[in-house]
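Colleague: Quick one: the structure is below, questions incoming.
Laboratory data are not the source of any read-out in this text; all were calculated from the coordinates shown. Please read all numbers here as calculations on a predicted model, not as lab measurements. Glycine also receives a Cβ, built like all others from the backbone with ideal geometry; neighbour counts cover every protein chain displayed.
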Amino acid sequence: MSFAAEEFYALATWLCGGVTPSAQNQIAVRTDEVAIRTAISRTYYAAHLLARDALVKKGWTPPRGEVHGAVLAELRRRNKMRLAGDLAKLQRLRNHADYHVECNSGHS
């Protein structure tokens, strides 16, 4: 079964209260930390997978191992600087959302 990268973006949009293409009505906006962190993460992975797949369709072969950095490098090699910059920013946000999970609420 194939997975569409767009589904990550649809989930991220839904988590933050946006309307997805399959939604009938807009839901209440979620502003809790878990929804926002998850939305950031899923948005990055949607963008990464779509960029990777677009490069593959143009003949690029992803390396084994560190594909995330390779996608950024290939975008830059193809002079897609804005796209590479946007993807790198999303990657930094995703890293922060996923790995900087210190609790700021005062609860232990």
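Colleague: Long-range amide H contacts for Gly17: which residues qualify at under 5 Å (H placed 1.01 Å from N, peptide plane, sequence gap of 5 or more or a different chain)?
Modeller: Arg30
Colleague: Could you check the simple spin-label distance between Tyr99 and Thr61, using points 7 Å along Cα→Cβ, in nm with one decimal?
Modeller: 3.0
Colleague: Now for a different question. Give the share of C-alpha pairs in each 5 angstrom bin for segment 6-99, from 0 to the last occupied bin, in whole percents, shortest bins first.
Modeller: 3, 14, 20, 21, 17, 12, 9, 4, 1
Colleague: Sticking with this structure for a sec: Could you list Thr13, Thr61, Thr43 so that the one with the fewest beta carbons within 10 Å of its beta carbon is first and the one with the most is last?
Modeller: Sorted ascending by nearby Cβ count, the order is Thr61, Thr13, Thr43.
Colleague: Taking θ as phi - 60°, what are the ³J(HN,Hα) couplings along segment 71-77 by the Karplus curve (6.51, -1.76, 1.60), each to the nearest whole Hz, with x for Gly and Pro?
Modeller: 4, 4, 4, 5, 4, 5, 4
Colleague: Run the reach check for Lys80 against aspartates and glutamates, Cα to Cα strictly under 16 Å, same-chain hits fewer than 8 apart removed. What comes back?
Modeller: Asp53
Colleague: Just tell me which aspartates and glutamates come within less than 18 Å, Cα to Cα, of Lys89; anything on the same chain fewer than 8 places away is out.
Modeller: Glu66, Glu74, Asp98
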